[in-house]
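Take a look at the structure below.
The values are calculated or read from the model by the stated rules, or taken from the named source; none is laboratory data. These numbers come from a predicted model, not from an experiment. Neighbour counts run over all protein chains shown; Cβ positions are idealised from the backbone, glycine included. Calculation scope for accessible area: heavy atoms of the full protein, side chains included, ligands and nucleic acids excluded. Shrake-Rupley method; radii C 1.70, N 1.55, O 1.52, S 1.80 Å.
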Amino acid sequence: VDMTPEMIALARKNAVKVGATNVEFRLGEIEHLPIDSASVDVIISNCVINLAPDKAKVFRDAFRVLRPGGRLQVSDIVWTQPVPEEVKNDMEKWAGCIAGALLERDYLSEIAAAGFSDVTSVATEYPGGKGIASASVVAFKPRA
């Protein structure tokens, strides 16, 4: 799912290039996934949820589309310390994926609040990042 027709076209082109036939690409927003409820086994996201203003909505919709036992696998940017105020309001820092990032514990809390279980994260702080880290997050939709 991507919100730009250009990225959908590029993804389709690349799928043809590598012969991938078990993938599908849809135009949409991560807060309102254009996918039927309980129809997906795995959701993979690479460094995009931090750009969404309403992360709770993103995680609730991810939970909606996953089948029971489905997995959320996310790589994203998080903070390991409180976000400095001057960063929060800097539009360049939003575009650079750090102003909209949450504290790791808040990110994980949002996922759990959406209904996910077994939420884990491994965060690695960037050298000289002053609290900015890359997190690998896994969570599951309960089977029952």
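In the range 14-39, which residues are farther than 15 Å from Val58 by Cα, outside any loop (DSSP other than H, G, I, E, B) and in contact (Cβ under 8 Å) with a residue 12 or more places away in the chain?
Once the filter is applied, which keeps residues that are farther than 15 Å from Val58 by Cα, outside any loop (DSSP other than H, G, I, E, B) and in contact (Cβ under 8 Å) with a residue 12 or more places away in the chain, the range 14-39 yields only Leu27.
Would it be correct to say that Arg105 is without any contact (Cβ under 8 Å) to a residue 24 or more places away in the chain, basic (Lys, Arg) and open to solvent by 40 Å² or more (accessible area, probe 1.4 Å)?
Details: without any contact (Cβ under 8 Å) to a residue 24 or more places away in the chain: yes; basic (Lys, Arg): yes; open to solvent by 40 Å² or more (accessible area, probe 1.4 Å): yes.
Against the criterion (without any contact (Cβ under 8 Å) to a residue 24 or more places away in the chain, basic (Lys, Arg) and open to solvent by 40 Å² or more (accessible area, probe 1.4 Å)), Arg105 qualifies.
For a quick check of your reading of the model, give me the residue pairs whose first member lies in the range 55-78 and is closer than 13 Å to Ala135 by Cα, whose second is open to solvent by 20 Å² or more (accessible area, probe 1.4 Å) and not in a strand (DSSP E or B), with beta-carbon atoms closer than 7 Å and at least 6 apart or on different chains.
That search, which allows pairs on different chains as well, returns Ser75/Cys47; Asp76/Cys47; Ile77/Cys47; Ile77/Cys97; Ile77/Ile98; Val78/Leu102; Val78/Glu104.
Of the conditions (1) within 27 Å of Thr4 (Cβ to Cβ); (2) open to solvent by less than 50 Å² (accessible area, probe 1.4 Å); (3) among the small types (Gly, Ala, Ser); (4) modelled with pLDDT of 95 or more, Ser117 clears all except one; give me its number.
Of everything listed in (1) within 27 Å of Thr4 (Cβ to Cβ); (2) open to solvent by less than 50 Å² (accessible area, probe 1.4 Å); (3) among the small types (Gly, Ala, Ser); (4) modelled with pLDDT of 95 or more, Ser117 misses just condition (1).
List, please: which pairs have Cβ atoms under 7 Å, are six or more places apart or on different chains, and start with a residue in the range 112-134 that is at positive phi and part of a strand (DSSP E or B) and end with one that is aromatic (Phe, Trp, Tyr) and surrounded by 13 or more Cβ atoms within 10 Å (Cβ to Cβ)?
Cβ pairs passing all conditions: Asp118/Phe140.
When residues of the range 55-72 are filtered for being touching a strand residue (DSSP E or B) at 6+ places or on another chain (Cβ under 8 Å), open to solvent by 10 Å² or more (accessible area, probe 1.4 Å) and in a strand (DSSP E or B), how many remain?
Of the residues in that region, 3 qualify.
Out of the residues in the range 31-54 that are open to solvent by 70 Å² or more (accessible area, probe 1.4 Å) and of a type in the set (Asp, Glu), state the one that is farthest from Ser109 (Cα to Cα).
The residue in question is Asp36.
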